[in-house]
Structure formats: structure tokens, C-alpha cells
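Working notes, structure below.
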Amino acid sequence: MAHYQPPAQGKASQLIDVIVLVVLTVGALFVPIWLRMAGASKSVTAPVANPTWESLNQNAAQAAKYEALGFTPESAHDLILSRFDYSFSIGALVTMIAVILLYYFLILRFSEVEYREVISEKFGE
Amino acid sequence: MTEVDITSKTMDGIGPHGVKVGLLRVLGPAHVWALGVGIVLVGEYMGWNFAVGKGGAYAALIACWFAGILYTCVAMIDSEVTSTVASAGGQYTQAKHIVGPLMAFNVGLYLVFAYTMLEAANAITAGYLVSVVATMTGHEGELNQRPFIILVIMFLAWLNYRGVLATLTFNLVITAFAFAAILILFLSTSGIIGAGIMDHAALFEGHALPYGWIGILASLHFGLWFYLGIEGTTQAAEEVRSPARALPFGTLAGIMTLLIAATLTWYVCSGVLPWEFLGDGVNGSVAPLFDTARLSGSAGLVWLLGFGTLFATLASANGCINDASRAWFAMGRDKYLPGWFGAVHPKYRTPYRAIVFLVPIALIFALGAPLDQVITFSILSGLLGYTFMPLNIILFRRKWPLNSIKRGYEHPFHPLPAIMLLSLCGVTFFAVFLGYGTQLVAMIGFYIVVSLWFHFWRYRFVNRGAQFTMPWPKPQGY
């Protein structure tokens, strides 16, 4: 294989490449947060009026620990009763699996093409 | 008879293109251990407890052990491959030689983001800890944590800039202190020394598995936090005196240390703190070992674990800066990123431009995102990297069978660890999907876009054959 001679990259072009990467990175990580679509938020589905340790399903040992940490039944109410919702749709699960498989298929295929060039130039045909 | 003996005196430590110049080779196995455990041990001091919140205390223990199996596979596979790759970049350099350039570019980004996000999480925790100590010592009102977050990142970046030996010797000392603090807390609270305060049976009563079996799956997401970063030992490959011996030894000793520390941490914290408080790392227990010490009634333990938490966060952030900058530097040196980043400091022999460039990136996330989100971003990047490793070792063994390159370490039972690792990664993807599916899809969408950017634009600036820098024979099948 003929030796590939890469073009020289100017400083402005290098700077643009860095900016593109940083913008994409910050976007990928912060856009879900800004759109409030990020993370599993917990919620209290069955609040208890005038809570006591008993009504919050805490035995004597558990209540003693909360009190040692400075909590009262009122201040510990949301902390104790908040729960995640693990329900999901099959469609969303299939979409996630498809996106992951597409991603690995893409990079493995393109990598193989590039790798053959590397080996060919390094070791000769 | 093997064609290439990478463990021989003449070849051990040979750098890119068969030369011995590059980063300074000054590190031993203890530094490798300190780098790996130092990055990870903070996972015992904060963050792992989100696993309790996702499924309860028992679920977190099961997740801890399944994640332990996952990381044992990672350590075994990594030790074999990296014992032959004496070059900065770790898994990035492995991918470049074994799978191909685009995979390497992706793996390099996984490493940079996993470590930079972990560094940001450490700085957030250090800021929180300073505010708690300020309150305990009489400060009134809410302390602004931001100056301390900035100070932590800037100080450690400066330390990394000045030299790797001082950086990792500093890590060795503070990591050993943080590990000893966990052991002392366990001995003091379990009844082995003095009166025990453990009450697992009473604290678990009525709350054994609050979400049922799906909670165990969900817990696996944050179960990774017990060990995330141990694979970073490979980043020191270009700065270790004997990579073929020191890297496997340091990495495997590191995962054994962490398995002990993780189990002890779960045992101590779950026996003292109620699971709802322990499992909420934002409104409940941000630093669970420190909170456990607070409930022990011993002022000595409170100070010990306070310093332990602070040292663990500093050691981790320190190691993260070290690793992220090596990966960024290695990509710059290969022109996968602008070549400006591939410079070595003329006096300190460190990748100083990469170190400085990543400081503001870490600050953006440390100052702008909540802790659980930052941790999730780090875990996601790590998870994508672990999914690459089974593919990597299968291709490594196929392209360079055991009789073609003599390794410093050969992991047993191949391909069982690879299959197990791939299966556990699949389960963990599902665990992340249970609640953080949007981030997962957003992050993979990002990697697809940057992969297309790399393949169709950036790769034109990369030398083809010159990327292959290891003194290996031609791979079989090419």
C-alpha cells in the first residue's frame, strides 16, 4: 500500500476541532438536565398526614437512628416514603437496545476498515 | 516458542516505535496499586450508597458482589493486555493496536469522560465535607462550597503538572490512610474492639428488599461505583519501570483490596444507618462512612473518617487527573485530537497541555451538575469501556495467540471471563435504563455523532501505519 501522507492542520482548524468536541460533550451531558429529562426522580405516592415513626413503618431501632441523625417524623417523611418508579415500556427498551447495537456495529465496522489500512501500511501487503 | 517475549529484559518497557523515550519511567508496583485503589476508594466513601436507595441494603450487597465479579473480569483481562502495551493511554492504546482507530478514539473519550466526571464528583464531595466540618466547628449559615471545589481541582492539576512521581507518592500515602480508616471504623463499630453498634437485624426489619427483585437489578447501576476506575492502572504503562510485571501485580492487588473494602463498607454502614437515609446521597447520606462515624459517638472516629473521606476524594481526583490527561495526551500524540495536546513538558516530562485543558472541563461539571448526574455520566462512560474489553481480549487472543507474544500475565479460563463480563455489562445497561435511560441514549447519541465526525473528518490528519507503535508481529488474519 502507498504511504499515506496526512495533510498538515492549521492552528485555526485545530481550534475549531476542539470547540466542536467541547460543545458536543457539554451538550450531550447538559441538555438532558436542562430539559429536565435527566435521572430518576423519586416521589411520595402515598403521603402520611401527621406522621409518627409507627405510621412511617419504622421500628424502635430505626426511629432511634433517625433521631440520632437529627430527624423528626415530619422532617424524615419525604426521605422515608420517596420511591423510584421502575415501570417502563417495551418500546423504550427496544429503542435503547437498538441504539446500543447500532453504535457498536458502526464503530466496529468503520474500525475494521481503518485497521486494515494501518496493518497494510505498517507490515506491507 | 513465542515469537516476541515482551517480558524480556530488552523488551520490557519498550515504548512507542521501540524507543525508550517519552514520559519518565519512575514508578513501581506500589504506585500502580495506589493509582488504581486511590481512584476507586472514594467510591467506598461516597456514591455507592445510591445503590441502597435503588433497591435496599440487601440489593446493594448483591450488586456490590456482582460488580465485584465484573471488575475482577476487567482486572484479569486488562492485566493480560496491558502487560504487553508499555505506552500511555491504557485501553485507548490497546484498542488502537487490537480493534482499530475509531474504536480507539471512542475508548479514549470513554476514559477521559469517566475520569473527568469522577474528578468532578470528588471535588463536589470535598466541598460538601468542608461545609460539614465548618458547621461542626461553629460556622453559622450555609458555607459557599464553590471556592473549595475550584481549589481542589486547581491544586491537584498543579501537582500533576509538576511530576508523576510526586503525584503518585502523594496518592500512595493518602490512599493507605483512607483504607486504614475503613478498617479502624470496622474494628471499632463491629464489636471487635470496644462495644459494637451494629444492628443489622433491626434496621433491615420490614425493609429487606423494598423494590423486590427488580431493585437488585436497578442497584447494579450504582454498584459499579464501588470499583469504578481500577482499570486506570493501565494509564501508568509508559511511566512504570517494568510494565510487564508491575501492571498485572498492581492491578490484581488493587481489585483484591477493593473487594475487601467494599464489603466492609457495606457491612459497617448498613448496620448503623437506616436504608432510606443511607440510600439518598443528595438529601440523606452524602458521605456514609463519615455519617456512620458520627453515630458511633466517638470524636476520634469522626475526625478519622472526616480526614479519610477528604483524603479519598483527593486521591481519587488526583488519579483521575493523571489518567484523563494521559488518555487525552495519547490521542493528541496520535493526531486523533489536535497534535498540540501531544506535547511533553520539557522539564517535568508530564503531558502538561492535556492536564491544563481538562481543568475547565472538570470545573464546568463540578459546578454545574448535581452529584448523582455526574456519577451517572462517569458510570456510563465506564460501562461503555467495559463492554469494549471482552471484544478486545477475544480479538487480541485471535490476532496474537499465546504462542505469538509472551505476556507478562495470561489470564485463565479464556473466554469465560470475557463472556461473563459482556453478560454483566448487558445487565448493567438495563439497570441504567431503569431511571437514567434518557442519559444513556443521549450519551450513545453523542458517541455516534463524534464517531462519524472522526471517521469522515478527523481521521484524515492521522498517519496510518505510524499509529501501530508496539513491537508486535503482524496480526494473524491480515
Open item on the list: In chain B, once you exclude exposed trypsin sites (Lys or Arg not before Pro) (DSSP loop, at most 16 other Cβ within 10 angstrom), what's the longest stretch remaining?
Closed with: B:21-240
Open item on the list: Output the 0 to 90 degree angle, nearest 10, between the alpha-carbon long axis of helix A:90-123 and the longest principal axis computed from the alpha carbons of chain A.
Closed with: 30 degrees
Task: Computed [θ] at 222 nm, helices only, for the protein assembly as shown once each DSSP H run of length n ≥ 4 contributes -39500 (n - 2.57) - done: -22000 deg cm²/dmol
Task: Cleavage-rule hits, trypsin sites (Lys or Arg not before Pro), segment A:32-99, DSSP coil, Cβ neighbours within 10 Å at most 11 - done: A:36
- [ ] Note down the nm distance, to one decimal, between modelled labels 7 Å out along Cα→Cβ at residue B:463 and at residue A:50.
- [x] 8.1 nm
Open item on the list: Could you tell me the center-to-center distance, by alpha carbons, between segment B:315-337 and segment B:189-262 in angstrom?
Closed with: 25 Å
Task: Shielding of A:58-68 by partner chains, average beta-carbon count, 10 Å - done: 5
Task: Per-pair calculated FRET efficiency, R0 = 41 Å: residue A:98 and residue B:345 via Cβ, rounded to 0.05 - done: 0.35
Task: Centre separation in Å (Cα based) which lies between segment A:67-82 and segment B:382-409 - done: 50 Å
Task: Under DSSP loop assignment and at most 15 Cβ neighbours within 10 Å, longest GluC sites (Glu not before Pro)-free interval of chain B - done: B:206-409
Task: Long pairs among B:335/B:406; B:347/B:474; B:347/B:406; B:96/B:406; B:54/B:96, criterion Cα-Cα beyond 28 Å - done: B:335/B:406; B:347/B:474; B:347/B:406; B:54/B:96
Task: Span-rule helices in chain B, defined as complete DSSP H runs reaching 20 Å or more along the axis (Cα) with Kyte mean at least 1.0 - done: B:57-82, B:101-136, B:146-162, B:164-189, B:243-270, B:352-368, B:416-456
Open item on the list: Could you tell me the relative contact order of chain B? Use alpha-carbon pairs under 8 Å, at least six residues apart, and round to a whole percent.
Closed with: 35 percent
Open item on the list: Skipping prolines and chain starts, which residues have an amide H placed within reach, meaning under 5 Å, of the one on residue B:27, given they are 5 or more residues away or on another chain?
Closed with: B:240, B:241
Open item on the list: Between residue B:140 and residue B:456, how high is the FRET efficiency from 1/(1 + (r/R0)^6) when r is the Cβ-Cβ distance and R₀ = 45 Å? Nearest 0.05.
Closed with: 0.20
Task: FRET efficiency, residue A:26 to residue B:65 (Cβ-Cβ, R0 41 Å, nearest 0.05) - done: 0.70
Task: Distance in nm between pseudo-label sites at residue A:109 and residue A:67 (7 Å out along the Cβ direction from Cα) - done: 6.6 nm
Open item on the list: Residue by residue through B:28-41, how many Cβ atoms from other chains fall within 10 Å of the Cβ on average?
Closed with: 0
Open item on the list: Taking beta carbons within 10 Å but only from partner chains, what does the mean come to for residues B:95-107?
Closed with: 5
TODO: Project the alpha carbons of the protein assembly as shown onto their principal axes and report the range along each, largest first, in whole Å.
DONE: 80, 50, 49
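Each reported figure results from applying straightforward, stated rules to the coordinates on display, with no laboratory input. Please read these numbers as outputs of a predicted model, since none were measured by experiment. Neighbour counts run over all protein chains shown; Cβ positions are idealised from the backbone, glycine included.
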